[in-house]
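> Pasting a structure here, questions to come.
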Amino acid sequence: MLININDKEYELELSLDMPILWVLRDVLELTGTKYGCGKGLCGACTILMDDKPIRSCSVPVHIAEGKKIQTIEGIEETPYRLLQEAWIKEQVPQCGYCQSGQLMSAVGLLKTNPNPTESEILDAMQGNICRCGTYPRILKALNTVLENS
């Protein structure tokens, strides 16, 4: 199958039922996307498919054929790297495990709604769990980006 990840085409021979997360991590060695609960509940494995956040641990790779996948590795060369910079400036990461999923949900939000309200931000981010409780810092980092754009 042919799959587009971070604007690069990959032709892969693999089980079409393999979750996208394992294609990213084990086949392509793009390890920025993390394994969390394995059931799509915690958001640690969040990536974008056609600019919408999905849980890569519970979506089989055949669903991605003909679509564009974006991972945390793919935002460094885009304007969304400003989110990463705000994350660092506002000292969002604690243990850091959930942060790539948090950032991808934030990127997905800004791609579909470049000027969200606080309520819209909270709604968009609610599926991403952070055991360290960095939610106020995440909101502050997002607001920093919105104020400077």
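The values are calculated or read from the model by the stated rules, or taken from the named source; none is laboratory data. A quick note: this is a predicted structure, and the numbers were derived from the prediction, not measured. Ideal geometry is used to build each Cβ from the backbone, glycine not excepted, and the neighbour counts take in all protein chains shown. All accessible areas refer to the heavy atoms of the entire protein, side chains included, with ligands and DNA or RNA removed. Shrake-Rupley method; radii C 1.70, N 1.55, O 1.52, S 1.80 Å.
> Would you work out the charge dipole size for the chain about its Cα centre, treating the Cβ of every Lys and Arg as +1 and the Cβ of every Asp and Glu as -1, and quote it to the nearest 20 debye?
540
> Next question, about the same structure. Which FRET efficiency value, to the nearest 0.05, is calculated for D123 and L12 with the Förster distance at 30 angstrom and r the Cβ-Cβ distance?
Working: r = 35 Å, r/R0 = 1.15.
Here the calculated transfer efficiency is 0.30.
> Next up: Antiparallel DSSP bridges in the chain: what percent, to the nearest 5? Don't skip to the end; give the middle numbers.
Details: 11 of 13 bridges.
About 85 percent, rounded to the nearest 5.
> Then there's this: Under a straight-distance cross-link criterion of Cα-Cα below 30 Å, which lysines are reachable from K67, leaving out those fewer than 8 residues away in the same chain?
Of all the lysines, those that pass the test against K67 - Cα under 30 Å, at least 8 places apart if same chain - are K8, K34, K39, K52, K111.
> Residue-wise, which Karplus ³J(HN,Hα) couplings in Hz belong to segment 54-61, taking 6.51 cos²θ - 1.76 cosθ + 1.60, θ = phi - 60°, and x for glycine or proline?
In residue order, the calculated couplings are 9, 9, 5, 6, 10, 10, x, 4 Hz.
> Roughly how many nanometres apart are two label points built 7 Å out from the Cα toward the Cβ at N115 and K68?
Going from the N115 label point to the K68 one covers 2.3 nm.
> For labels at E85 and K140 in the simple 7 Å Cα→Cβ model, what's the distance in nm?
So the two model labels end up 1.9 nm from each other.
> Continuing with the same structure: Starting from the residue with the highest accessible area, list L142, L122 in decreasing order, probe 1.4 Å.
Numbers: L142 0, L122 95 Å².
Correct descending sequence by accessible area is L122, L142.
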